[in-house]
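The values are calculated or read from the model by the stated rules, or taken from the named source; none is laboratory data. Since this is a predicted model, take the numbers as computed values, not measurements. When we count neighbours, we look across all protein chains shown, and the Cβ atoms used for this are built from the backbone with ideal geometry, even at glycine. With ligands, DNA and RNA removed, areas are computed over all heavy atoms of the protein, side chains included. Shrake-Rupley method; radii C 1.70, N 1.55, O 1.52, S 1.80 Å.
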Amino acid sequence: MEKIGENMKFFIDSADVDAIRKYAEIGLVDGVTTNPTIIMKSGREHKEVIREIASIISGPISVEGISDTCEEILAEAEEFRKWAQNVVIKVPMTREGLKAVKILEEKGVSTNVTLVFSASQALLAAKAGASYVSPFVGRLDDIGVKGMDVVGEIMDIYMNHWYKTKVIVASVRSLSHVIDSAKLGAHIATIPPKILDEMWEHDLTKKGIAQFREDYKKTSRKG
Ligand code: G3P
(Lines give C-alpha, C1' and ligand atoms only; values in the text may rest on other atoms or scores of the structure.)
Protein backbone atom coordinates (compact mmCIF):
# COMPACT_ATOMS: atom_id res chain seq x y z
CA MET A 1 0.00 0.00 0.00
CA GLU A 2 1.49 3.33 -1.02
CA LYS A 3 1.26 5.97 1.67
CA ILE A 4 1.73 9.59 0.85
CA GLY A 5 1.90 12.30 3.45
CA GLU A 6 2.77 12.75 7.08
CA ASN A 7 4.26 10.37 9.62
CA MET A 8 2.19 8.95 12.44
CA LYS A 9 1.35 11.46 15.13
CA PHE A 10 1.13 10.94 18.89
CA PHE A 11 -1.62 12.62 20.86
CA ILE A 12 -1.89 12.36 24.65
CA ASP A 13 -5.21 11.08 25.93
CA SER A 14 -5.16 12.99 29.18
CA ALA A 15 -5.81 16.27 30.96
CA ASP A 16 -2.84 15.78 33.29
CA VAL A 17 -0.88 18.95 32.52
CA ASP A 18 2.30 17.69 34.18
CA ALA A 19 2.35 14.60 31.95
CA ILE A 20 1.54 16.71 28.88
CA ARG A 21 4.36 19.13 29.74
CA LYS A 22 6.81 16.27 30.36
CA TYR A 23 6.26 14.78 26.92
CA ALA A 24 5.84 18.13 25.14
CA GLU A 25 9.37 19.06 26.29
CA ILE A 26 10.79 16.20 24.25
CA GLY A 27 8.60 16.93 21.25
CA LEU A 28 6.38 13.88 21.56
CA VAL A 29 2.99 15.56 21.78
CA ASP A 30 1.35 16.47 18.48
CA GLY A 31 -2.05 16.98 20.09
CA VAL A 32 -4.28 16.15 23.05
CA THR A 33 -7.61 14.39 23.39
CA THR A 34 -9.98 14.73 26.32
CA ASN A 35 -13.47 13.66 27.25
CA PRO A 36 -15.68 14.47 30.26
CA THR A 37 -14.30 11.47 32.20
CA ILE A 38 -10.69 12.49 31.57
CA ILE A 39 -11.46 16.06 32.71
CA MET A 40 -13.22 14.71 35.82
CA LYS A 41 -10.12 12.62 36.66
CA SER A 42 -7.96 15.76 36.48
CA GLY A 43 -10.08 17.15 39.33
CA ARG A 44 -10.14 20.53 37.61
CA GLU A 45 -12.67 22.79 35.98
CA HIS A 46 -13.18 22.05 32.27
CA LYS A 47 -12.42 25.46 30.76
CA GLU A 48 -9.50 26.16 33.07
CA VAL A 49 -7.72 22.90 32.30
CA ILE A 50 -8.29 23.14 28.53
CA ARG A 51 -6.87 26.66 28.56
CA GLU A 52 -3.79 25.48 30.41
CA ILE A 53 -3.30 22.60 27.96
CA ALA A 54 -3.60 25.10 25.10
CA SER A 55 -0.84 27.19 26.67
CA ILE A 56 1.46 24.14 26.38
CA ILE A 57 0.35 22.54 23.11
CA SER A 58 -0.18 24.27 19.79
CA GLY A 59 -1.56 21.14 18.06
CA PRO A 60 -5.22 20.06 18.07
CA ILE A 61 -6.95 19.65 21.46
CA SER A 62 -10.18 17.66 21.36
CA VAL A 63 -12.88 18.91 23.71
CA GLU A 64 -16.15 17.06 24.25
CA GLY A 65 -19.47 18.31 25.53
CA ILE A 66 -22.72 16.63 26.48
CA SER A 67 -25.21 17.96 23.95
CA ASP A 68 -27.78 15.84 22.12
CA THR A 69 -29.21 17.98 19.35
CA CYS A 70 -27.38 19.56 16.45
CA GLU A 71 -28.30 23.06 17.67
CA GLU A 72 -26.98 22.34 21.16
CA ILE A 73 -23.75 20.86 19.78
CA LEU A 74 -23.22 23.98 17.65
CA ALA A 75 -23.78 26.25 20.64
CA GLU A 76 -21.41 24.19 22.76
CA ALA A 77 -18.82 24.28 19.97
CA GLU A 78 -19.04 28.05 19.85
CA GLU A 79 -18.31 28.22 23.56
CA PHE A 80 -15.38 25.73 23.38
CA ARG A 81 -13.85 27.68 20.48
CA LYS A 82 -13.61 30.72 22.76
CA TRP A 83 -11.36 28.78 25.13
CA ALA A 84 -8.52 28.28 22.63
CA GLN A 85 -8.04 28.61 18.89
CA ASN A 86 -6.70 25.03 18.53
CA VAL A 87 -9.77 23.36 20.06
CA VAL A 88 -11.26 20.51 18.00
CA ILE A 89 -14.92 19.75 18.68
CA LYS A 90 -15.42 16.15 19.73
CA VAL A 91 -18.85 15.04 18.60
CA PRO A 92 -20.54 11.72 19.40
CA MET A 93 -21.36 9.29 16.57
CA THR A 94 -25.07 10.07 16.30
CA ARG A 95 -27.33 11.44 13.55
CA GLU A 96 -27.51 14.82 15.25
CA GLY A 97 -23.78 14.69 15.84
CA LEU A 98 -22.99 14.15 12.16
CA LYS A 99 -25.41 16.93 11.20
CA ALA A 100 -23.37 19.25 13.41
CA VAL A 101 -20.09 17.89 11.97
CA LYS A 102 -21.15 18.84 8.45
CA ILE A 103 -22.08 22.37 9.48
CA LEU A 104 -18.96 22.89 11.61
CA GLU A 105 -16.57 21.56 8.98
CA GLU A 106 -18.19 23.76 6.32
CA LYS A 107 -17.47 26.72 8.60
CA GLY A 108 -13.83 25.62 8.91
CA VAL A 109 -14.17 24.21 12.45
CA SER A 110 -12.39 20.87 12.93
CA THR A 111 -14.35 17.99 14.42
CA ASN A 112 -13.46 14.61 15.90
CA VAL A 113 -16.24 12.01 15.71
CA THR A 114 -15.95 9.94 18.86
CA LEU A 115 -17.34 6.69 20.27
CA VAL A 116 -16.83 4.96 16.92
CA PHE A 117 -16.99 1.17 17.08
CA SER A 118 -17.42 0.02 13.48
CA ALA A 119 -16.18 0.64 9.96
CA SER A 120 -19.67 1.68 8.89
CA GLN A 121 -19.76 4.42 11.53
CA ALA A 122 -16.31 5.59 10.41
CA LEU A 123 -17.48 5.67 6.80
CA LEU A 124 -20.45 7.85 7.74
CA ALA A 125 -18.19 10.20 9.70
CA ALA A 126 -15.88 10.56 6.70
CA LYS A 127 -18.86 11.22 4.40
CA ALA A 128 -19.99 13.97 6.78
CA GLY A 129 -16.55 15.54 6.35
CA ALA A 130 -15.09 15.02 9.84
CA SER A 131 -11.44 15.99 10.25
CA TYR A 132 -10.89 13.10 12.67
CA VAL A 133 -12.57 9.86 13.66
CA SER A 134 -11.87 8.04 16.92
CA PRO A 135 -12.35 4.26 16.98
CA PHE A 136 -12.17 2.99 20.60
CA VAL A 137 -10.04 -0.14 20.37
CA GLY A 138 -9.83 -1.00 24.09
CA ARG A 139 -13.58 -0.89 24.57
CA LEU A 140 -14.03 -3.16 21.52
CA ASP A 141 -11.51 -5.63 22.96
CA ASP A 142 -13.53 -5.50 26.21
CA ILE A 143 -16.58 -6.93 24.41
CA GLY A 144 -14.57 -9.58 22.56
CA VAL A 145 -14.26 -7.77 19.22
CA LYS A 146 -10.72 -7.15 17.99
CA GLY A 147 -10.44 -3.37 18.07
CA MET A 148 -7.43 -3.32 15.80
CA ASP A 149 -9.30 -5.32 13.12
CA VAL A 150 -11.87 -2.51 12.99
CA VAL A 151 -9.05 0.05 12.64
CA GLY A 152 -7.64 -2.05 9.76
CA GLU A 153 -11.00 -1.97 7.99
CA ILE A 154 -11.32 1.78 8.47
CA MET A 155 -7.80 2.38 7.14
CA ASP A 156 -8.51 0.26 4.04
CA ILE A 157 -11.70 2.17 3.33
CA TYR A 158 -10.15 5.61 3.87
CA MET A 159 -7.10 4.74 1.75
CA ASN A 160 -9.18 3.21 -1.05
CA HIS A 161 -11.31 6.31 -1.34
CA TRP A 162 -8.81 9.02 -0.39
CA TYR A 163 -10.90 10.33 2.49
CA LYS A 164 -9.22 13.27 4.20
CA THR A 165 -10.52 12.17 7.61
CA LYS A 166 -7.69 11.14 9.90
CA VAL A 167 -7.97 8.11 12.16
CA ILE A 168 -7.17 8.67 15.84
CA VAL A 169 -6.83 5.26 17.48
CA ALA A 170 -8.39 5.82 20.91
CA SER A 171 -9.06 3.81 24.08
CA VAL A 172 -5.45 2.65 23.81
CA ARG A 173 -4.68 0.26 26.66
CA SER A 174 -1.42 -1.45 25.67
CA LEU A 175 1.84 -1.10 23.77
CA SER A 176 0.55 -3.47 21.12
CA HIS A 177 -2.33 -1.07 20.41
CA VAL A 178 0.25 1.61 19.59
CA ILE A 179 2.48 -0.67 17.51
CA ASP A 180 -0.46 -2.18 15.63
CA SER A 181 -1.76 1.34 14.91
CA ALA A 182 1.62 2.22 13.41
CA LYS A 183 1.71 -0.99 11.36
CA LEU A 184 -1.78 -0.37 9.99
CA GLY A 185 -0.87 3.17 8.95
CA ALA A 186 -3.26 4.89 11.37
CA HIS A 187 -2.61 8.63 11.24
CA ILE A 188 -2.66 9.13 15.00
CA ALA A 189 -2.72 7.15 18.24
CA THR A 190 -3.95 8.97 21.32
CA ILE A 191 -1.99 7.46 24.13
CA PRO A 192 -2.53 7.66 27.91
CA PRO A 193 0.62 8.80 29.81
CA LYS A 194 0.94 5.38 31.47
CA ILE A 195 1.35 3.66 28.09
CA LEU A 196 3.71 6.39 26.82
CA ASP A 197 5.87 5.71 29.90
CA GLU A 198 5.92 2.00 29.06
CA MET A 199 7.07 2.68 25.49
CA TRP A 200 10.55 3.61 26.72
CA GLU A 201 11.19 0.54 28.76
CA HIS A 202 13.17 -2.58 27.92
CA ASP A 203 15.09 -4.67 30.44
CA LEU A 204 17.93 -5.21 27.98
CA THR A 205 18.39 -1.44 27.59
CA LYS A 206 18.79 -1.03 31.36
CA LYS A 207 21.04 -4.06 31.58
CA GLY A 208 23.16 -2.87 28.65
CA ILE A 209 23.66 0.61 30.14
CA ALA A 210 24.72 -0.87 33.48
CA GLN A 211 27.20 -3.19 31.82
CA PHE A 212 28.71 -0.49 29.58
CA ARG A 213 29.17 1.74 32.64
CA GLU A 214 30.97 -1.02 34.49
CA ASP A 215 33.22 -1.78 31.53
CA TYR A 216 33.99 1.89 30.98
CA LYS A 217 35.26 2.18 34.53
CA LYS A 218 37.60 -0.77 33.91
CA THR A 219 39.34 0.98 31.02
CA SER A 220 39.40 4.60 32.18
CA ARG A 221 42.62 5.93 33.71
CA LYS A 222 42.55 6.80 37.33
CA GLY A 223 43.65 10.28 38.40
O1 G3P B 1 -9.82 8.46 23.77
C2 G3P B 1 -10.90 7.79 24.34
C3 G3P B 1 -10.47 7.18 25.59
O4 G3P B 1 -10.21 8.15 26.53
C5 G3P B 1 -11.36 6.15 26.14
O6 G3P B 1 -10.51 5.29 26.78
O7 G3P B 1 -9.84 3.52 28.28
O8 G3P B 1 -11.89 4.91 28.77
O9 G3P B 1 -11.88 3.24 26.93
P10 G3P B 1 -11.08 4.18 27.75
Computed on Cα atoms, the radius of gyration and Dmax of region 9-221 in angstrom are 19.3, 75
Can you give me the long-range amide H partners of M93? Hydrogens built in the peptide plane at 1.01 Å from N, cutoff under 5 Å, separation of 5 or more residues or another chain.
T114
Among A100, L196, Q85 - extreme Cα towards positive end, dipole of the chain, charges at beta-carbon
L196
Using only Cα atoms, find the angle between the long axis of helix 203-219 and the longest principal axis of the chain, and express it within 0 to 90 degrees, rounded to the nearest 10.
30 degrees
Against the longest principal axis of the chain, how steep is helix 119-128, in degrees 0 to 90 to the nearest 10, with axes from Cα atoms?
60 degrees
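Kindly rank 7-14, 202-209 from highest to lowest mean number of other beta carbons found within 10 Å of each residue. Don't skip to the end; give the middle numbers.
Numbers: 7-14: 19.9, 202-209: 9.2.
Order by mean packing, descending: 7-14, 202-209.
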Determine the dipole magnitude for region 9-221: charges of +1 sit on the beta-carbon of Lys and Arg, -1 on that of Asp and Glu, nothing else is charged, the reference point is the Cα centre, and the result goes in debye to the nearest 20.
700 debye
Can you give me the accessible area per residue for the chain, using a 1.4 Å probe, in Å²?
56 Å²
Nearest 10 degrees, 0 to 90: what angle lies between the long axis of helix 70-83 and the longest principal axis of the chain (Cα atoms)?
40 degrees
What's the Kirkwood radius of region 1-57 in Å, using all Cα pairs?
12.2 Å
On the principal axes of its Cα set, how long, how wide and how thick is region 125-223? Give whole Å, largest value first.
71, 30, 20
